[in-house]
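See below for the structure under consideration.
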Amino acid sequence: MTVDGTALRTALRPYASGVAVLTAMDSAGPAGVTITSLTSISTEPALISFALADTSSTWARVKDCHWFGVHVLAGDQAELAGRFAARGVDRFAPPTRWRTGPHGVPLLDDCLSWLVCSRYDRIRLGDHHLIVGAVTDAATDGSGKGDSLIHLHGAVRPVASAALTEATAAPL
C-alpha cells in the first residue's frame, strides 16, 4: 500500500524541479505540454526521460509519436509554461513563436536549450507513462546566461542563481 496522491504531492511541494515543454507533431498538427519530470538518464548513449499522466490530453496525441522535442524554459518564460499547461487553448498560436526542426519536431523559439529525441522506450507506471528519449540533436540559445524556470511549492519561478556563491554552490 502507498500513500495517497495528496500526501505525495504535499511531501514533494518543497522539492524544486525544472520546467520544460514537450513538443511533437502528429497528424492533427503540433502538440505540446509543460513537464516538470525531465531527467537526464545517460550520456552514453544520450538518454532523457519524462512522465505524462494518462489523463493528459497531450498524452493521447504524443503517445505514438516517434520524434519529440524538449525545451528548457528560461526564468522569464512562466507565461509560456502556463500556456502549455492550460487546457482548451491553441498552445502554438501567437504569441508562441516556433518553427519546424529536425524530423518535423516543433521547436519553440527563445528557450534556453532544446533537445530533439527519438522514442527509446515507453513504460507504463501507475497512472503515468515514462517516456525515454534518445537525444539526436541539442542546442542552446548561445548566450550562456539566464536562469531556468523551476516548479517549487506549487508555482513556477526563476532560479535565483545570483544568490549562489562559491561558498554555497556545490558541484555534483
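The values are calculated or read from the model by the stated rules, or taken from the named source; none is laboratory data. Nothing here was measured: the structure is a model prediction, and the numbers come from that model. Cβ coordinates were reconstructed from backbone atoms using ideal geometry, including for glycine residues, and neighbour counts include every protein chain displayed. Quick note on the areas: whole protein, heavy atoms, side chains included, nothing else; ligands and nucleic acids left out. Shrake-Rupley method; radii C 1.70, N 1.55, O 1.52, S 1.80 Å.
Quick notes on this one:
- Per-region count, region 26-67, residues in contact (Cβ under 8 Å) with a residue 40 or more places away in the chain, within 15 Å of G133 (Cβ to Cβ) and open to solvent by 50 Å² or more (accessible area, probe 1.4 Å): 5
- A11 vs. criteria surrounded by 11 or more Cβ atoms within 10 Å (Cβ to Cβ) and outside any loop (DSSP other than H, G, I, E, B): no
- When region 85-127 is filtered for residues that are outside any loop (DSSP other than H, G, I, E, B) and among the aromatic types (F, W, Y), the ones remaining, listed by number, are W98, W114, Y120.
- Unique match (being among the polar types (S, T, N, Q) and modelled with pLDDT under 90) among S42, S57, S49: S57
- Some residue of region 35-57 being on the phi < 0 side of the Ramachandran plot and assigned to a helix (DSSP H, G or I): yes
- The single condition among (1) over 24 Å from V159 (Cα atoms); (2) of a type in the set (D, E); (3) surrounded by 12 or more Cβ atoms within 10 Å (Cβ to Cβ) that D141 does not satisfy is (1).
- Residues of region 3-21 satisfying the condition of being of a type outside the set (S, T, Y) and in contact (Cβ under 8 Å) with a residue 60 or more places away in the chain: R13, P14, A16, G18, V19, V21
- Among the numbered conditions (1) at pLDDT below 95; (2) open to solvent by less than 30 Å² (accessible area, probe 1.4 Å); (3) of a type in the set (S, T, N, Q), the only one that T6 does not meet is (2).
- Filtered residue count, region 81-135, keeping only those that are under 15 Å from the mean Cα position of the chain (by Cα), surrounded by fewer than 19 Cβ atoms within 10 Å (Cβ to Cβ) and of a type in the set (V, I, T): 1
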